[in-house]
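The values are calculated or read from the model by the stated rules, or taken from the named source; none is laboratory data. None of the values given here were measured: they were computed from a predicted structure. Cβ atoms come from the backbone with ideal geometry, glycine included; neighbour counts cover every protein chain shown.
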Amino acid sequence: MIDIHCHILPNVPGDDGSPDMEETVKLFELAQADGIDTIICTPHGKQPAGDQIKRMDDIRAATEAKAAEYGIRLLRGLEYNLPQLFQVDETAVGLAKTNFILIDFVRSRMDSSVDAISRSTHSAGFHPICAHPERLFQSWEHVHHIYNTGYTMQLTAASILGDFGRGCQKFSLDLLDHGLCHYVASDAHSTSRAFRQTACRKFITEQYGEETANILFEENPKRLLANQMPLEIPVVSDDYDEDLPKNPFLRAMYRFFTGHRRDEDED
């Protein structure tokens, strides 16, 4: 599998990921066990990046040989904080040398910055990916606005599995219900916050079907590396009701046999 968001490089200035090579090697072991063979390294960055890029590239180059021992390929990336991208230019770092740029929103600037950042990144030739919206936003309507503004969405595997709490998991499933997810990544930072891709893929397969799991864990990461726009996942429903099953087939059967329709309930 391909992990498009990971803080695995050791001791990168300004990042909160792996503190040293010892921790990074342990993460390589965990990634290998989780079936991951390609990792886009995404320490927190700034625009313009300047010396940080050279330092990060040097660290990645010094780490690649050890990663290869575990069958893992390391690719260059950054995770930008949203306010840093009002003026995006050609020096911005796309994921794996593509035109996709990963953005971590800042709560205090979200409302005023969403549209401006979208215009800035698109005008510079980049496609913005919103990192872990399930941990930042309060409603699917808000994320839907961001999607309509031109962002694609990356959810975190641990969020979907409930590792960040029931509320975060519920919102993650809500976004999956509405088709507001294009990638699932680890956002791994340490051995205590590591990889959950295999378990998450199994969960999504059981809850949403093999087609959705293949798009999120196979097709769209491969398309990203090829600099292609992601596929959309099937929309479970354009409404939201906790009484309905998450699995599309089970949801359809539930509605068929019970006559359950949200619009009828609201009349």
Just to be sure, is Thr205 without any contact (Cβ under 8 Å) to a residue 40 or more places away in the chain, in contact with a Ser or Thr (Cβ under 6 Å, 6 or more places away or on another chain) and surrounded by fewer than 21 Cβ atoms within 10 Å (Cβ to Cβ)? no
Just one of the numbered conditions (1) without any contact (Cβ under 8 Å) to a residue 24 or more places away in the chain; (2) in contact with a strand residue (DSSP E or B) (Cβ under 7 Å, 6 or more places away or on another chain) is not true of Gln138; which one? (2)
Condition check: over 14 Å from the mean Cα position of the chain (by Cα), modelled with pLDDT of 95 or more, closer than 16 Å to His5 by Cβ and not charged (D, E, K, R). Does Leu216 satisfy that? no
Among the residues of the stretch 13-39, write down those that are crowded, with 22+ Cβ neighbours inside 10 Å and acidic (Asp, Glu). Asp15
For the stretch 15-39, how many residues meet the condition of being farther than 10 Å from Ala67 by Cβ and in a helix (DSSP H, G or I)? 7
Can you name every residue in the stretch 40-56 that is in a helix (DSSP H, G or I) and within 21 Å of Ser186 (Cα to Cα)? Met56
Being assigned to a loop (DSSP other than H, G, I, E, B), at pLDDT below 80 and closer than 24 Å to Cys6 by Cα, is that true of even one residue in the stretch 99-117? yes
Filtering the stretch 148-161 down to residues that are in a helix (DSSP H, G or I) and at pLDDT 90 or above yields Ala157, Ala158, Ser159, Ile160
